[in-house]
Amino acid sequence: MKTVPTYELYGENTGRKPDFWLHCETIPSRSSLHHWEIRAHRHESFFQILYIDAGSGDAVFDGTPHPITPPAVITVPPRLNHGFRFSRDIDGFVITVLISHLKASPGDRSRLGTWLAEPHLTLLDTQNEDAAYVAKTLKRLGEEFASHRNGRNDLLDAYLTSALLLTARIAQKADEGSTLSDENERRMEMLQGLIQRHFRSHKPAAFYAESLGISPAHLSRIVRSKTGRGAHELITRKLLDEAKRELVFTFATVQEISYRLGFADPAYFSRFFIKQTGQTPRTWRLEERVRLGM
């Protein structure tokens, strides 16, 4: 059986650690070097998004070809054997993201995580408002990546999240017709919004349960069924993820970050961070910036 290579980046096998959390390049710039065909390979730590704006070809998932008709978005989860055959007039972007920076982990029990775990070729009907927005957002992401202007990382994160969530919605709507999300799915979306607004206040799970009009035990069951985590763990994870983002992508001191995140005592923030990661905030920041080549 022929071995499928594992690449670090799109079409590469450098053996190096990733130099950043997101990489973007045009599809012609890479595929033209390989006679417009990217042979079967996979990525261990990356999620990929291809935006196809023009041209044609096939996306090959586990040996099965899927015809590409632009405009379209192709999403490729980690560890999937995949390849591409493109026409010479192909145009668009390929975006490569560290899976640790996605809003949901591919394969977790959330609706988004389940969708991210499978490959998808999603056609964009530009007469549809959401689809047109996805196309425009991915183009803006490509432009922003190349610009190196102030606020670049936050904008890239916002563009990526918006495009992925809307693409998942479009794809799921096509698969399910007009079926509405179940009640627990709506509660999870409301919970995520509440956590986003209140996580700096360190509210307990009981606060969120009361806000949703359900018992803490019921909330815990819903969260565990959708994410595989308890409600308290989900809240803690949000606080930790924001701490990591601040440590990597801002120049704020650990003390300043602790206050931004609602910790009255920086020493308590350090204890919280050590408990979750096994490292002090300063040590984690230094090692992560080295790992990302910053």
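The values are calculated or read from the model by the stated rules, or taken from the named source; none is laboratory data. Everything numeric here is computed off the predicted structure, so don't read it as measured data. Don't worry about glycine lacking a Cβ; one is built from the backbone with ideal geometry, like all the others, and counts go over all protein chains shown. We work out accessible area using only protein heavy atoms, side chains counted, and drop any ligands, DNA or RNA first. Shrake-Rupley method; radii C 1.70, N 1.55, O 1.52, S 1.80 Å.
Do the conditions hold for R42, that is, is it part of a loop (DSSP other than H, G, I, E, B) and touching a residue at least 40 places away in the same chain (Cβ under 8 Å)? No. Filtering segment 83-105 to residues that are open to solvent by less than 40 Å² (accessible area, probe 1.4 Å) and either more than 19 Å from L22 (Cβ to Cβ) or in a loop (DSSP other than H, G, I, E, B) (or both) leaves G83, F84, F86, S87, I90, L102, A104. Count of segment 80-103 residues, restricted to those that are without any contact (Cβ under 8 Å) to a residue 40 or more places away in the chain and of a type in the set (A, V, I, L, M, F, W, C), is 1. Return yes when S162 is surrounded by 15 or more Cβ atoms within 10 Å (Cβ to Cβ), within 23 Å of W21 (Cα to Cα), of a type in the set (S, T, N, Q) and modelled with pLDDT of 90 or more and no when it is not. It is true that S162 is surrounded by 15 or more Cβ atoms within 10 Å (Cβ to Cβ), within 23 Å of W21 (Cα to Cα), of a type in the set (S, T, N, Q) and modelled with pLDDT of 90 or more.
Filtering segment 129-157 to residues that are open to solvent by 70 Å² or more (accessible area, probe 1.4 Å) and either on the phi < 0 side of the Ramachandran plot or modelled with pLDDT of 95 or more (or both) leaves E129, Y133, K136, K139, R140, E143, A146, R149, N150, D154.
Are any residues in segment 261-294 in a loop (DSSP other than H, G, I, E, B) and either modelled with pLDDT under 90 or within 23 Å of the chain's Cα centre (by Cα) (or both), and if so, which ones?
Pass one, segment 261-294, residues in a loop (DSSP other than H, G, I, E, B): 261-265, 278-280, 292-294.
L261, L292, G293, M294, listed by residue number.
With the requirement that a residue be out of contact with any strand residue (DSSP E or B) (no Cβ under 7 Å at 6 or more places or on another chain) and either assigned to a helix (DSSP H, G or I) or not polar (S, T, N, Q) (or both), what does segment 147-161 give you? S147, H148, R149, G151, R152, N153, D154, L155, D157, A158, Y159, T161, listed by residue number. Look at segment 193-218: where a residue is touching a residue at least 40 places away in the same chain (Cβ under 8 Å) and over 16 Å from K238 (Cβ atoms), no partner that is aliphatic (A, V, I, L, M) and loosely packed, with under 15 Cβ neighbours inside 10 Å sits 6+ places away or on another chain with Cβ atoms under 6 Å. Scanning segment 24-32 for any residue that is modelled with pLDDT of 90 or more, within 20 Å of the chain's Cα centre (by Cα), of a type in the set (D, E, K, R) and open to solvent by 10 Å² or more (accessible area, probe 1.4 Å) turns up at least one such residue.
If the condition is being within 20 Å of H202 (Cα to Cα), among the small types (G, A, S) and in contact with a Ser or Thr (Cβ under 9 Å, 6 or more places away or on another chain), then segment 215-235 contributes G230, A231. When segment 232-291 is limited to residues that are within 25 Å of G151 (Cβ to Cβ) and of a type in the set (S, T, N, Q), the one that is least open to solvent (accessible area, probe 1.4 Å) turns out to be S258. Determine whether segment 123-133 contains at least one residue that is farther than 24 Å from P67 by Cα, in contact with a Lys or Arg (Cβ under 8 Å, 6 or more places away or on another chain) and touching a residue at least 40 places away in the same chain (Cβ under 8 Å). So far as segment 123-133 goes, no, none of its residues is farther than 24 Å from P67 by Cα, in contact with a Lys or Arg (Cβ under 8 Å, 6 or more places away or on another chain) and touching a residue at least 40 places away in the same chain (Cβ under 8 Å). Here segment 206-260 is the region considered, the condition is being among the aromatic types (F, W, Y) and farther than 15 Å from L191 by Cβ, and the residue that is modelled with the highest pLDDT is Y259.
This table checks each residue for (1) part of a loop (DSSP other than H, G, I, E, B); (2) touching a His at 6+ places or on another chain (Cβ under 6 Å); (3) among the small types (G, A, S).
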{"residue": "P65", "(1), (2), (3)": "no, no, no"}
{"residue": "T75", "(1), (2), (3)": "no, yes, no"}
{"residue": "D108", "(1), (2), (3)": "yes, no, no"}
{"residue": "T126", "(1), (2), (3)": "yes, no, no"}
{"residue": "A135", "(1), (2), (3)": "no, no, yes"}
{"residue": "F145", "(1), (2), (3)": "no, no, no"}
{"residue": "A163", "(1), (2), (3)": "no, no, yes"}
{"residue": "Q172", "(1), (2), (3)": "no, no, no"}
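For segment 207-231, the candidate set comprises residues that are more than 26 Å from the chain's Cα centre (by Cα) and outside any helix (DSSP H, G or I); within that set, the residue that is surrounded by the most Cβ atoms within 10 Å (Cβ to Cβ) is I214.
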